Amino acid sequence: MNEPRDVLEDFAVYRVGGAVRDARLGWPVTDEDWVVVGATPEALTARGFIPVGRDFPVFLHPATHEEYALARTERKQGHGYTGFVVHASPEVTLEEDLARRDLTINAMAEDAEGHLVDPFQGAQDLEARVLRHVSEAFVEDPLRVLRTARFWARYRDLGFVIADDTKRLMRRLCGSGEIGHLVAERVWQETVKALAEPRPIAYFRALRECGALAVWMPELDDDHVLACGEASMAVLPANEEPAMWRWARLLEALTDDARDALCERLRVPNAWRDLARQVARTRTLQQTAEGRALAANDMMAWFDAIDAWRRRERVEPLRRYLALTAPALAEFVAEAWQKAIEIEPRTLLDEGYRGKALGEALGQRRLEAIEDAVRMYDL
């Protein structure tokens, strides 16, 4: 462990949390967090540390820029994940700091020599592949429901399960209404992280089991919807953002009203909402092609629905998505698109079209070009 003893040699410094957990799992360690015991904010700033914590004392190391937090305790006051009074002082012990954490596998620390400090048997639960709460104080923070579900999405393929007693506390948090005190932005932030994990469907299934999905994402609170979503999320186009596409594919079978309501409730960014709409429209196009012969009007309607004329970059990712399950349709889309974009507004302007007449003529010419493509394919 490379603890910077030059600036903190008179304090006890421990590596904590995810870095300790993931190193022992053989999982990639991307960030390292540290706890300093016996120090004050003034002592750290005097050594060049930069304060960055808004709600509790966290500092950036002057050389490595890693995060160092003073050992602290928390006392619940109010609702939600921000309703805590933080106490940080030189008298707070490492064990007291670890006791406030959510899961035992996140409540381990290593000293400067790499010796494990594990008052809550996190290493034992790591070996047993169990996600278990540190204490009954778990129910003080509704965010822990989402975090536990997210960790299950990360580690389920390693054989991890959520302990039955921890599930009980998750249900208790939801049943008390405390889960509803989270802000939408925080729920969405955890959801985005879960969508980037190896098994994102586990996140939604865990939230369904404890009742959180019914509160925040009732549109997904159905076993059949999640089963379809799991199958859909497994098929994604290459070279695209996996989390964003997983969200779109999870929502593609919902009605427009349900999808829009869900995205509005979670304050989903516009780019994610737009892709979800585009993927849903593409799914409808594929279903149409499977049900009957595809007409030029169907293809034209799809181009209009995804706003392809103004956002041409949208076509290729959706075509590659179609190629995964409907290669013939994807080939037709490519041909129809190529013929359609050969019709340029400039040509019609040169012919004297203006205003409304220009738009109508442009649409008609593009439709005729697509009809040429239709004749080439038997879909």
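The values are calculated or read from the model by the stated rules, or taken from the named source; none is laboratory data. As the structure is a computational prediction, the values presented were derived from the model and not from experiment. Virtual Cβ from ideal backbone geometry, glycine too; neighbours counted across all protein chains shown.
Computed values, structure above
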{"quantity": "Residues (among the basic types (Lys, Arg) and farther than 13 Å from Lys193 by Cα) located in the stretch 143-157", "calculated": "Arg144, Arg156"}
{"quantity": "Matching residues in the stretch 222-235 - criterion: being surrounded by 18 or more Cβ atoms within 10 Å (Cβ to Cβ) and more than 21 Å from Ala212 (Cβ to Cβ)", "calculated": "Ser232"}
{"quantity": "Verdict on Glu136 being within 21 Å of Asp97 (Cα to Cα), surrounded by fewer than 16 Cβ atoms within 10 Å (Cβ to Cβ), out of contact with any strand residue (DSSP E or B) (no Cβ under 8 Å at 6 or more places or on another chain) and touching a residue at least 60 places away in the same chain (Cβ under 8 Å)", "calculated": "no"}
{"quantity": "Only listed residue being within 28 Å of the chain's Cα centre (by Cα), assigned by TED's automatic domain parsing to the domain that holds Asp222 and more than 30 Å from Val215 (Cβ to Cβ), chosen from Gln286, Gln278", "calculated": "Gln286"}
{"quantity": "Members of the stretch 277-296 that are of a type in the set (A, V, I, L, M) and under 14 Å from Arg319 (Cβ atoms)", "calculated": "Val279, Leu285, Ala289"}
{"quantity": "Residue tally, condition over 29 Å from the mean Cα position of the chain (by Cα) and farther than 24 Å from Leu103 by Cα, over the stretch 22-73", "calculated": "15"}
{"quantity": "Selected residue [more than 29 Å from Met233 (Cβ to Cβ), out of contact with any His (no Cβ under 9 Å at 6 or more places or on another chain) and surrounded by 18 or more Cβ atoms within 10 Å (Cβ to Cβ)] from Leu322, Leu362, Leu358", "calculated": "Leu362"}
{"quantity": "Qualifying residues in the stretch 244-264 (those that are of a type in the set (D, E, K, R) and surrounded by fewer than 16 Cβ atoms within 10 Å (Cβ to Cβ)) - the one farthest from Ile306 (Cα to Cα)", "calculated": "Glu264"}
{"quantity": "Subset tally (residues that are touching a residue at least 40 places away in the same chain (Cβ under 8 Å) and in contact with a helix residue (DSSP H, G or I) (Cβ under 9 Å, 6 or more places away or on another chain)) for the stretch 112-133", "calculated": "6"}
{"quantity": "Pick from the stretch 265-312, criterion small (Gly, Ala, Ser) and under 18 Å from Leu236 (Cβ atoms), ranking: surrounded by the fewest Cβ atoms within 10 Å (Cβ to Cβ)", "calculated": "Ala271"}
{"quantity": "Sole residue being at pLDDT below 90 and touching a Lys or Arg at 6+ places or on another chain (Cβ under 9 Å), chosen from Leu318, Leu348", "calculated": "Leu348"}
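A quick yes/no check of all residues on (1) in a loop (DSSP other than H, G, I, E, B); (2) of a type outside the set (A, V, I, L, M, F, W, C); (3) out of contact with any Leu (no Cβ under 9 Å at 6 or more places or on another chain); (4) closer than 15 Å to Ile105 by Cα:
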residue: Ala137; (1), (2), (3), (4): no, no, yes, no
residue: Arg144; (1), (2), (3), (4): no, yes, no, yes
residue: Arg147; (1), (2), (3), (4): no, yes, no, yes
residue: Arg156; (1), (2), (3), (4): no, yes, yes, yes
residue: Asp165; (1), (2), (3), (4): no, yes, yes, no
residue: Met170; (1), (2), (3), (4): no, no, no, no
residue: Glu185; (1), (2), (3), (4): no, yes, no, no
residue: Glu197; (1), (2), (3), (4): yes, yes, yes, no
